[in-house]
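The values are calculated or read from the model by the stated rules, or taken from the named source; none is laboratory data. Small disclaimer: the values here were computed from a predicted structure and weren't measured. Here the Cβ is made from the backbone with ideal geometry for all residues, glycine too, and neighbour counts use every protein chain on show.
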There are 2 protein chains.
Amino acid sequence: MKHAEIIAVGSELLTPFHLDTNSLFLTEELNRLGLAVIRKSIVADDRQALREAFAQALERADLVIATGGLGPTEDDLTREALADLLERRLLPNARVLDEIRERFAHRGRTMTPNNERQALVPEGAMVLPNALGTAPGLWLETRGRVVVLLPGPPGELRHVFTEQVLPQLEKRSGARRMAHRLLRVAGMSESHLDHRIAEIYKRYESVETTILATPEGIEIHLTLWSEDSAEAGRVLDELAGRITMALGEAVFSVDGETLDEVVARELQLSGATIAVAESCTGGMVSARLTNIAGSSVYFRGGVVSYSNEMKTAWVGVPAELIERHGAVSAEVAIAMATGVRRAADATLGVGITGIAGPGGGTPEKPVGTVHFSLADAAGAQERLVRFGGDRDRIRRLASQTALDMIRRYLFRARQGRG
Amino acid sequence: MKHAEIIAVGSELLTPFHLDTNSLFLTEELNRLGLAVIRKSIVADDRQALREAFAQALERADLVIATGGLGPTEDDLTREALADLLERRLLPNARVLDEIRERFAHRGRTMTPNNERQALVPEGAMVLPNALGTAPGLWLETRGRVVVLLPGPPGELRHVFTEQVLPQLEKRSGARRMAHRLLRVAGMSESHLDHRIAEIYKRYESVETTILATPEGIEIHLTLWSEDSAEAGRVLDELAGRITMALGEAVFSVDGETLDEVVARELQLSGATIAVAESCTGGMVSARLTNIAGSSVYFRGGVVSYSNEMKTAWVGVPAELIERHGAVSAEVAIAMATGVRRAADATLGVGITGIAGPGGGTPEKPVGTVHFSLADAAGAQERLVRFGGDRDRIRRLASQTALDMIRRYLFRARQGRG
């Protein structure tokens, strides 16, 4: 087995309101087993369309996985269409029927007749029990190809795949496996990053390197297909190590951790406490610092000092400082960081003031101008960044930059201590 | 024209890291024109696979739209595969080439030879200019069917579709159009909602009613295909009106507005100002209130009073009140709302205190317990809700509930004045 196709079944997936997301989970699992996904199709609840989709997929792929359309209603036609195509009779399966009946009884309800459809099994098919729902999965083989039908609800799909399909596929898949590493980077543009590391990853021709810009930083995906897992892991670790060396502390995670998780862990390790005074990010930095369970240990409090009066009242920024430099200035960011640190009696204070737009920009301080400051007992550092894009993007990138400023400070402090 | 198919081109869309989201935009636009999307396919950057996908789609649909694979690299094979299938020669288009060259010159760079690929146009195709990127779209006709190729980057795709494709399709599509209404509801469970309105929408057999639970409330989609747009609109408005009557003020939007937008608009209309003191939501309520441009008019400031000391220092919650009732209590929520209102000199004050978990719960105050309060000049109202789910879900639902509490207060105040 080398090539797989995924057919997502459901007319609702052909409306503007729904996306098939099950295929991301399935693709990851199949890739891990060394199976490449060569096509995904989204097909309506229509017998003829389904029949044709199965027929065409079986011409191309060793394994065809269809998701959805196994429910009790008349729209659920997946098993009928496949049985029709393969010329297999659909027979009621007594054990499945009993289980469905029991499920209803357990919830104090009587099974309605339409649920009997879910107990229909094509001749020669293997039933894949579904402990989380009434529709079981099905496994069929035809002319050396395998077809798997899975229920559509994501929880049931994952459950049936992991418990029932994975062990079968492991037996049949070749020795070829996919190894994968994910590096996350903050505080660097995508083009700058690529410029720094292109020469390195291009030397690893067998490794597929994908660089993705996301609102939570840049992701570097390293993928290697190999029959020798240990060797593949070694090659990826070597390449990941070289990229990390080239990018330095811009790399904040080599094991899939998010920036919020890394900052939370570093704060916990350091024993430091933190407080935040933010304006243009409007509470997003505090929200991200309190995202992680256990944040009350290090997070003392936050102030969203949108108005100048609140900057003065809550964190003691002198009114005449705002008057002199403007609310969006390095001086005010520093006063916010030191002020909130003092007010909350925290080890570290963060100050953020900027213009998220679309209004409020001036030639000297255009929309996207954001001043950051981080204060500790010894003093305060500050930084100015000009972000592009709309209000939402500026706020997201500014909160990301603030988190990254904290992360870099804690990294350096830890190395200094080490 | 009745039936459309969408082919999303790109090997990255067959990895676990990417989803095709362009098709949602295209589906909405096509539906509006009365075209149903009957299949979506996701195909690798592979000449043979692309050729086959086009051939099969052209057998089923009147219109085939392919997105992506028009760029300058060797992986970009969409136009080659289609020209190959339709047996049309690919010829360099001088005007397109000039425009690409100009684009590079404008950015002070020289065009590299690989960019010439983007100026190749199949014989007989119409070029769809792309002001936002180097790859133009293409429109081809073959045996009464239409094929449209669009660039993959979402901004460019939307631009070329709206400016170039839409006017052409409007000329060719039939009189059948899709009418659509979207109602948004807060403060009610999905099953409770369905129970209240099922009898109503089932009487409208021609209308497709879809109920979706999202983190930002429940959405009720009403869809009706008809040749008589005015009549379809009338039917949908009648049904929307009946649903709104049945659900009362739980319906916060009948025109697609989000809760954040509705609250922002109501605050602006009312002339009120607002301040927030929140604990378990960690800044999310302030962040949502400042999401919308112009929020500085009504948003005075927010406090994330995670620690008891900050509740006392920043919003004047008496330490002995916390001692007596616990930090998570109606009394403390009210003191936070009235305290932050006073401290920020705002018309309205909001207080939120609760347990987001996973730790910190007790038998009397389990994880998910959240107290809300809203204070005005006359006094304070309070509310207790117990949310289920994990930390993230509890925080999201709590911020949604707080926004909805503000929304309902402003609705009622407006009606009282009216």
Item to complete: Identify, by number, the condition in (1) outside any helix (DSSP H, G or I); (2) over 29 Å from the mean Cα position of the chain (by Cα) that residue A:333 doesn't meet.
Response: (1)
Worksheet item: So which of B:304, B:340, B:332 ends up being at the interface with another protein chain (Cβ under 8 Å from one of its Cβ atoms) and modelled with pLDDT of 95 or more?
Response: B:304
Practice prompt. Within region B:23-37, track down each residue that is at the interface with another protein chain (Cβ under 8 Å from one of its Cβ atoms), surrounded by fewer than 21 Cβ atoms within 10 Å (Cβ to Cβ) and touching a helix residue (DSSP H, G or I) at 6+ places or on another chain (Cβ under 7 Å).
Written response: B:25
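Kindly state which strands (runs of 3 or more DSSP E) lie completely within region A:58-124 and contain at least 3 residues that are assigned by TED's automatic domain parsing to the domain that holds residue A:11, of a type outside the set (Ser, Thr, Tyr) and within 38 Å of the chain's Cα centre (by Cα). So that I can check it myself, show each step before the final result.
Values: elements: A:63-67, A:90-92, A:120-122.
So the answer is A:63-67, A:120-122.
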Worksheet item: Only one residue in B:119, B:131, B:94, B:105 is of a type outside the set (Val, Ile, Thr), in contact with a Leu (Cβ under 6 Å, 6 or more places away or on another chain) and free of Cβ contacts under 8 Å to residues at least 60 places away in the same chain. Which one?
Response: B:119
Discussion item. Cβ-Cβ under 6 Å, sequence separation 6+ or interchain: first residue in region A:38-49 and more than 10 Å from residue A:14 (Cβ to Cβ), partner in a strand (DSSP E or B) and among the small types (Gly, Ala, Ser). Which pairs?
Written reply: A:41/B:41
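If only one of A:116, A:141 is closer than 22 Å to residue A:27 by Cα, surrounded by fewer than 21 Cβ atoms within 10 Å (Cβ to Cβ) and of a type in the set (D, E, K, R), which one is it?
Numbers: A:116 fails: closer than 22 Å to residue A:27 by Cα.
Only one candidate passes the filter, namely A:141.
Quick check: is even one residue across region B:315-336 among the basic types (Lys, Arg) and buried (at least 24 other Cβ atoms within 10 Å of the Cβ)? Quick ask: steps written out before the conclusion?
Initially, region B:315-336 is screened for residues among the basic types (Lys, Arg), giving B:324.
Retained after the next criterion (residues that are buried (at least 24 other Cβ atoms within 10 Å of the Cβ)): none.
Within region B:315-336, none of the residues are among the basic types (Lys, Arg) and buried (at least 24 other Cβ atoms within 10 Å of the Cβ).
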Practice prompt. Would you mind telling me which numbered condition in (1) surrounded by fewer than 24 Cβ atoms within 10 Å (Cβ to Cβ); (2) modelled with pLDDT of 95 or more; (3) within 13 Å of chain B (Cβ to nearest Cβ) residue A:299 fails?
Written response: (1)
Worksheet item: residue B:47 fails exactly one of the following numbered conditions: (1) within 14 Å of chain A (Cβ to nearest Cβ); (2) buried (at least 18 other Cβ atoms within 10 Å of the Cβ); (3) more than 26 Å from residue A:48 (Cβ to Cβ); (4) more than 31 Å from the chain's Cα centre (by Cα). What is the number of that condition?
Response: (2)
Practice prompt. Give region A:339-365 a look and list any residue that's outside any loop (DSSP other than H, G, I, E, B) and surrounded by fewer than 22 Cβ atoms within 10 Å (Cβ to Cβ), or say none.
Written response: A:342, A:343
Worksheet item: Can you name the condition, by its number, that residue A:134 falls short on among (1) under 14 Å from residue A:65 (Cβ atoms); (2) buried (at least 19 other Cβ atoms within 10 Å of the Cβ)?
Response: (1)
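Being out of contact with any strand residue (DSSP E or B) (no Cβ under 6 Å at 6 or more places or on another chain), modelled with pLDDT under 95, on the phi > 0 side of the Ramachandran plot and not assigned by TED's automatic domain parsing to the domain that holds residue A:368: is that true of residue A:248 here?
Values: out of contact with any strand residue (DSSP E or B) (no Cβ under 6 Å at 6 or more places or on another chain): yes; modelled with pLDDT under 95: yes; on the phi > 0 side of the Ramachandran plot: yes; not assigned by TED's automatic domain parsing to the domain that holds residue A:368: yes.
Yes: the conditions hold for residue A:248.
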Worksheet, complete the sentence: Flagged in region B:343-363 as in contact (Cβ under 8 Å) with a residue 60 or more places away in the chain and away from chain A (no Cβ under 11 Å), in numbering order, are B:347, B:348, B:349, B:350, B:351, B:352, B:353, B:354
Worksheet, complete the sentence: When (1) in contact with a strand residue (DSSP E or B) (Cβ under 9 Å, 6 or more places away or on another chain); (2) of a type outside the set (Gly, Ala, Ser); (3) within 13 Å of chain A (Cβ to nearest Cβ); (4) closer than 28 Å to residue B:328 by Cα are applied to residue B:291, the one that fails is (1)
Worksheet item: If you go through region A:366-393, how many residues are surrounded by 18 or more Cβ atoms within 10 Å (Cβ to Cβ), part of a loop (DSSP other than H, G, I, E, B) and away from chain B (no Cβ under 12 Å)?
Response: 2
Discussion item. Could you go through region A:245-252 and let me know if any residue there is over 30 Å from residue B:353 (Cα atoms), within 25 Å of the chain's Cα centre (by Cα) and aromatic (Phe, Trp, Tyr).
Written reply: yes
